[in-house]
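The values are calculated or read from the model by the stated rules, or taken from the named source; none is laboratory data. This is a predicted model, so every value here is computed, not measured. Note that we place each Cβ from the backbone using ideal geometry, even for glycine, and neighbour counts take in every protein chain shown. The area values use the complete protein model at the heavy-atom level, side chains included, leaving out ligands, DNA and RNA. Shrake-Rupley method; radii C 1.70, N 1.55, O 1.52, S 1.80 Å.
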Amino acid sequence: MRWYAFGVGFLLLLGGCASERDRVAPIVLPDVVASVCVLSPSQRYVIAQTYDPDLLPNQDHPQIQIFDLTTTRAITIPLAPEAYPDGLSLTWYPDDVVLAEQRWLYNIPHGILTDTTTLPHPLPPTPYQFDLPQWNPSPDGRYVANGAKIWERDPVTGGPGAVVIDLPNESYTEGCYNAWSADSRSYYFLDWETVGPRQSGPGPIRKITLP
């Protein structure tokens with residue numbers, strides 16, 4: 001009876017942690033698990049390296065996909081899919097334009113595809129170089145983030161100060177690239193899932209909105 005009571009209490013604790021996680025940081029793409037997430041300049045879209053949620057990572061072949069976060073639907077670039085069976089190599093440019101395979105510019109909001117070899121001038125480098133620092137600062141400089149945790153930014157060290165958001169601990173979390181919204185009110189991260197002892201696998205993309 002004592003073991004039964006312990007088991008019930010443990011399950012209730014896990015359920016409480018999960019519900020708190022969903023409340024503070026809801027999943028933004030249902031039934032999608034990913035190991036990489038790169039937000040577009042406007043944060044309406046995300047490039048994600050996705051896996052079949054019913055398979056372990058070593059059993060599945062990842063796909064590079066674009067999703068519209070307002071509709072949760074996948075975006076298809078009008079290129080022959082058989083030419084890119086593993087998914088396209090994608091890079092963000094301003095105005096939610098994506099560069100595919102270092103050749104094709106696709107303006108997602110307007111659905112316009114351009115072959116860069118036809119441009120009168122070479123395509124400039126993208127200003128969006130997604131280096132992810134350990135303490136990822138918000139645009140307004142008030143906060144820093146790492147994984148699923150957010151702190152006030154220490155004005156002296158530039159590192160973490162007082163804790164603002166500290167979700168129940170999981171095996172592993174990682175911030176998305178371009179994770180902070182322009183107004184510093186929201187932040188995206190990957191919530192890797194436990195798949196075995198001391199192992200984690202791709203998980204959902206979550207969004208924290210600061211109070």
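Values as computed for the structure displayed
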read-out: Gain upon complete extension [Arg185, Thr72; 0.36 nm per residue less C-alpha separation]; value: 38.6 nm
read-out: Probe 1.4 Å, protein heavy atoms only - accessible area per residue of the stretch 124-164 in square angstrom; value: 61 Å²
read-out: 20 °C / 1.002 mPa s Stokes-Einstein diffusion coefficient of the stretch 107-211, Kirkwood radius on C-alpha pairs, µm²/s; value: 133 µm²/s
read-out: Computed P(r) (all Cα pairs; the stretch 93-139; 10 Å bins; percent); value: 22, 45, 21, 11, 0
read-out: Heavy atoms of Lys149 accessible to a 1.4 Å probe, total area in Å² rounded to 10; value: 60 Å²
read-out: Order of exposure, largest accessible area first, which applies to Thr173, Thr118 with probe 1.4 Å; value: Thr118, Thr173
read-out: Relative contact order %, the stretch 64-159, counting alpha carbon pairs below 8 Å whose residues are six or more apart; value: 13 percent
read-out: Amide H within-cut-off set for Tyr45, under 5 Å, with H built and near neighbours excluded; value: Ser40, Leu69
read-out: Pairwise FRET efficiency - Leu79 versus Glu20, Cβ, R0 = 30 Å, nearest 0.05; value: 0.10
read-out: Cβ-defined net charge surrounding Ala74, 13 Å radius [Lys, Arg +1; Asp, Glu -1]; value: -1
